[in-house]
1. Could we say that A:Val329 is crowded, with 18+ Cβ neighbours inside 10 Å and assigned to a strand (DSSP E or B) here?
2. If A:Gln264 satisfies every condition in (1) at pLDDT below 95; (2) crowded, with 17+ Cβ neighbours inside 10 Å but one, which is the exception?
3. Residue under question is A:Arg389, and the condition is that it be within 29 Å of A:Asp259 (Cα to Cα), modelled with pLDDT under 95 and of a type in the set (Lys, Arg); does it hold?
4. For the range A:165-191: of the residues being touching a Gly at 6+ places or on another chain (Cβ under 9 Å) and in contact (Cβ under 8 Å) with a residue 24 or more places away in the chain, which is nearest to DNA strand B (Cβ to nearest atom)?
5. Taking only the range A:27-43 into account, find how many residues are surrounded by 15 or more Cβ atoms within 10 Å (Cβ to Cβ), away from DNA strand B (no atom under 14 Å from the Cβ) and in contact (Cβ under 8 Å) with a residue 24 or more places away in the chain.
6. Considering only residues of the range A:47-70 that are in contact (Cβ under 8 Å) with a residue 40 or more places away in the chain and within 19 Å of A:Ala7 (Cβ to Cβ), which is farthest from DNA strand C (Cβ to nearest atom)?
7. What single numbered condition from (1) touching a Leu at 6+ places or on another chain (Cβ under 9 Å); (2) of a type in the set (A, V, I, L, M); (3) within 16 Å of DNA strand B (Cβ to nearest atom) fails to hold for A:Leu194?
8. Identify all residues within the range A:214-260 that are out of contact with any Pro (no Cβ under 9 Å at 6 or more places or on another chain), away from DNA strand B (no atom under 13 Å from the Cβ) and more than 24 Å from A:Pro169 (Cα to Cα); write none if there are none.
Amino acid sequence: MIFLVDANNFYVSAERIFRPDLEGKPVVVLSSNDGNVIARSNEAKNLKIPMGEPVFKLPELVKKHNVQLLSANFTLYGDISARLMRILNQFVEEIEIYSIDEAFLDLTTYEQVYSDLPMFAHQIKSTVNQWLGLPVSVGIAPNKTLSKVANWFAKRRPEHNGVLQLSNPNEIQNALSDFPCGEVWGIGHQYNQLLKKNGIITAYDLTQCHDVWIQKHMTIDGLRLVDELRGNPRRSIQRYPQPKKSILTSPTFGKPVDDLKTLQEALTTHVVRCAEKLRRQQSAARLLTVYLQTNPFRKQEPQYFNHQSVVLPHPSSATPELLQYAIGVLNSIYKPAYHYKRVGVMLSGFVPEDFQQSNLFTEVPDERLRVVSKTIDMLNEKYGRDKIRFAAQGYSDHWKPRSKFLSRRYTTRWNEILRITK
DNA sequence: TCTGGGGTCCTAGGACCC
DNA sequence: TCTGGGGTCCTAGGACCC
């Protein structure tokens with residue numbers, strides 16, 4: 001059996017750990033730039049505030065129901081997530097960290113020990129709540145897709161008290177008959193429309209479709225998914241995270257930017273960030289892509305979107321080297337007189353960092369640049385982000401994303417720690 | 001005025017090889 | 001006039017996830 005442990009309204013719940021006064025109130029967490037709603041408390045869901053809603057459409061509701069707005073605090077959420085995963089790992093060794101707030105637990109080897117799996121799940125749930133103050137729900141089923149289904153019911157039906165097991169075929173079929181297709185893991189809006197058009201409404205309907213039809217319209221992934229709904233495991237637990245195949249840094253600007261110098265400073269900062277992530281997973285990149293984009297929502301303004309890639313002469317993880325190419329690309333795709341919303345960089349085509357293919361005809365990498373980058377990483381790790389910085393990053397914060405309602409990084413910065421006074 | 005950020009996989013079609 | 005068969009690699013586009 002598989003457990004899917006999933007935090008309830010994770011970002012909101014993470015904020016509430018340090019803000020018990022937010023308990024029982026409608027709370028929403030906003031995306032970067034305080035743009036849209038990316039997490040909602042149950043109270044906010046009850047007010048019918050949709051996921052992804054742009055904040056500027058909210059003011060009436062906010063006023064009327066005193067909805068609490070919070071800027072996303074990913075430093076905090078990342079740390080709470082790490083703590084959650086450590087706790088889960090104490091119970092079960094075979095876990096797959098699937099996202100910031102979800103993990104699959106492989107119970108196969110525990111089934112003899114714990115004859116009552118729901119009881120074990122309750123134990124995990126209450127421990128997480130006691131040690132971390134985070135509410136979670138647990139779905140139990142024979143495979144990952146069905147454990148998602150079980151978790152969905154566990155969250156929504158109070159009678160389950162946050163834990164639901166779907167084990168025998170009857171239970172599974174009943175649940176699926178009550179489960180809308182669009183909620184199935186792997187069925188997005190497009191597929192849902194297609195299925196609806198063909199009279200397929202519930203997950204149970206989907207299990208009754210012909211394999212050939214499914215594969216034709218939904219690729220091999222669709223077939224795998226339906227097979228899991230039918231009870232056959234088709235997706236295994238990935239205990240060790242796979243190294244990323246591409247790494248992207250491309251946040252949007254707080255305000256529109258039109259001059260090349262500011263774009264260069266922003267891009268430099270993004271490349272620095274991106275290269276840090278690259279070195280953290282000990283890769284070197286062969287391909288670097290720069291994106292430049294105006295605001296697509298401002299239809300009345302002239303639009304420009306362009307991106308260009310450059311194949312590096314040798315795989316690199318050295319910030320100075322990556323910077324040089326990135327700025328070169330930016331200069332070649334930049335056009336004046338547009339209001340830009342975003343400049344971004346993507347690194348891809350990875351090889352292991354220590355694997356440098358020697359070739360008579362290509363330029364040899366300068367090892368010193370890599371060493372310098374690693375050293376800067378070490379110092380910044382110790383003394384704080386960007387303590388050592390590249391001059392080209394500049395000091396302008398004109399382009400930086402805004403976050404008006406940011407909470408403190410209670411658990412990762414000494415000077416932001418929670419203080420209790422009389 | 002204000003609309004996120006960071007990823008994955010699959011498929012089709014073209015270029016190219018022998 | 002006749003114009004194969006089988007393979008690989010790359011890219012763009014489209015779907016999905018949280």
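1. no
2. If we test A:Gln264 against (1) at pLDDT below 95; (2) crowded, with 17+ Cβ neighbours inside 10 Å, just (1) comes out false.
3. Answer is yes for this residue.
4. A:Gly186
5. Of the residues in the range A:27-43, 2 are surrounded by 15 or more Cβ atoms within 10 Å (Cβ to Cβ), away from DNA strand B (no atom under 14 Å from the Cβ) and in contact (Cβ under 8 Å) with a residue 24 or more places away in the chain.
6. My answer is A:Gln68.
7. In the conditions (1) touching a Leu at 6+ places or on another chain (Cβ under 9 Å); (2) of a type in the set (A, V, I, L, M); (3) within 16 Å of DNA strand B (Cβ to nearest atom), A:Leu194 misses (1) alone.
8. The answer is A:Arg239, A:Tyr240.
The values are calculated or read from the model by the stated rules, or taken from the named source; none is laboratory data. Note that this is a predicted model, so its numbers are computed, not measured. Quick reminder, even Gly has a Cβ in these numbers, built from the backbone with ideal geometry, and neighbours come from all protein chains shown.
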